[in-house]
Amino acid sequence: MYAFEFQRATDAQAAAALLRSDPDAKIVAGGQSLIAAMKLRLAAPSTLVDINRIPGIRDIRVEGDTLVIGAGARHADVEAHPEVKRRLPALASLAGGIGDRQVRALGTLGGSIANNDPAACYPAAVLGLNATVVTDRRSIAADDFFVGMYETALAPDELITAVRFPCPREAAYVKFRNPASRFALVGVMVVRGFGGDNGSGNGSGNGSGGDVRVAVTGAADAVFRCEPLERALSADFSAAAARAVTIPTEGLNDDLHGSAEYRAHLIPVLAARAVEQALGQASSPTS
């Protein structure tokens with residue numbers, strides 16, 4: 001058993017200062033990723049910096065056609081919030097399908113995307129919905145935020161304070177769960193229509209996908225946009241068009257939970273179900 005120091009930050013600047021002063025310090029909010037890693041001796045921070053007392057860190061509010069969700073908002077908060085359910089039901093549904101009740105009661109939006117687990121659900125929402133990650137010092141576009149397995153664009157002493165989600169015309173998330181962990185063996189977020197935005201990343205994207213964004217989690221080392229599906233669904237936003245897409249196996253996970261070929265097969269199948277849900281043709285939020 002090792003000893004660590006516990007600090008409680010009262011604002012984002014104080015939390016960042018604590019991270020700068022101790023390179024081995026870690027942020028803790030819900031602790032659903034960090035505490036598990038500590039129990040397995042995969043992480044041994046010298047200091048835990050609790051951010052739950054930072055004002056507004058759990059707030060959920062509406063700004064125009066954007067939902068602003070604090071980094072400390074629990075999954076259960078997102079699932080149950082009336083404005084999320086009304087303006088972005090796909091996100092409420094996604095949050096309600098994470099883990100079990102205990103995980104949803106403590107796990108946070110910011111913790112999930114900062115950890116960037118390859119099979120986590122929230123990264124697919126952030127990337128698919130073209131969200132903006134707000135930190136204590138800057139705003140990071142979703143296309144630039146997720147770098148690789150458990151890796152993001154965050155600096156070591158940078159703190160996520162909120163995520164800004166545009167509210168599209170249609171969106172749905174469908175995942176094929178690992179029955180033990182409830183993580184996504186494959187999860188697909190399909191989104192169409194951002195008002196005046198063309199869906200290409202605030203004008204700085206790669207231009208593929210037009211009005212449609214498709215983000216896939218669980219299938220590779222990190223969440224990614226699926227360009228073949230984006231192109232097909234931009235031309236014909238239908239379940240049939242999604243099912244007709246062939247996904248290459250290169251770069252997909254091949255492990256005891258499923259082969260790369262199996263995951264490549266699942267991606268268009270789940271995308272088709274997500275299109276059906278986005279168009280109001282299906283009743284079940286997850287698979």
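The values are calculated or read from the model by the stated rules, or taken from the named source; none is laboratory data. The shown structure was predicted, so the numbers you read here are calculated from the model rather than taken from an experiment. Here Cβ is always computed from backbone atoms with ideal geometry, including for glycine, and neighbour counts include all displayed protein chains.
If you check E158, E170 for being modelled with pLDDT of 95 or more, within 26 Å of A264 (Cα to Cα) and charged (D, E, K, R), only one passes: E170. The residues of region 137-170 that are under 20 Å from V78 (Cβ atoms) and either in contact with a Pro (Cβ under 8 Å, 6 or more places away or on another chain) or outside the structural domain of L233 (by TED's automatic domain parsing) (or both) amount to a single one, F146. Here S181 meets the list (1) crowded, with 17+ Cβ neighbours inside 10 Å; (2) assigned to a loop (DSSP other than H, G, I, E, B) almost entirely, failing just condition (1). Counting only residues that are outside any strand (DSSP E or B) and crowded, with 24+ Cβ neighbours inside 10 Å, region 57-71 holds 1 of them. Scanning region 12-31 for residues that are part of a loop (DSSP other than H, G, I, E, B) and either modelled with pLDDT of 95 or more or in contact with a strand residue (DSSP E or B) (Cβ under 8 Å, 6 or more places away or on another chain) (or both) yields D22, D24, A29, G30.
Being of a type in the set (G, A, S) and either assigned to a strand (DSSP E or B) or buried (at least 23 other Cβ atoms within 10 Å of the Cβ) (or both) is the filter here, so list the residues in region 121-154 that pass it. Hits for region 121-154 are A124, A125, G128, A131, S139, A141, A142, G148. Only one of the numbered conditions (1) in the same structural domain as P168 (by TED's automatic domain parsing); (2) in contact with a Leu (Cβ under 7 Å, 6 or more places away or on another chain); (3) small (G, A, S) is violated by A80, and that is (2). The set of residues in region 229-261 being in a helix (DSSP H, G or I) and surrounded by fewer than 18 Cβ atoms within 10 Å (Cβ to Cβ) consists of R231, A235, A240, R243, E261.
Going by the structure shown, is A29 of a type in the set (G, A, S), outside the structural domain of S181 (by TED's automatic domain parsing) and loosely packed, with under 13 Cβ neighbours inside 10 Å?
Considered against the rule, which asks whether it is of a type in the set (G, A, S), outside the structural domain of S181 (by TED's automatic domain parsing) and loosely packed, with under 13 Cβ neighbours inside 10 Å, A29 comes out as no.
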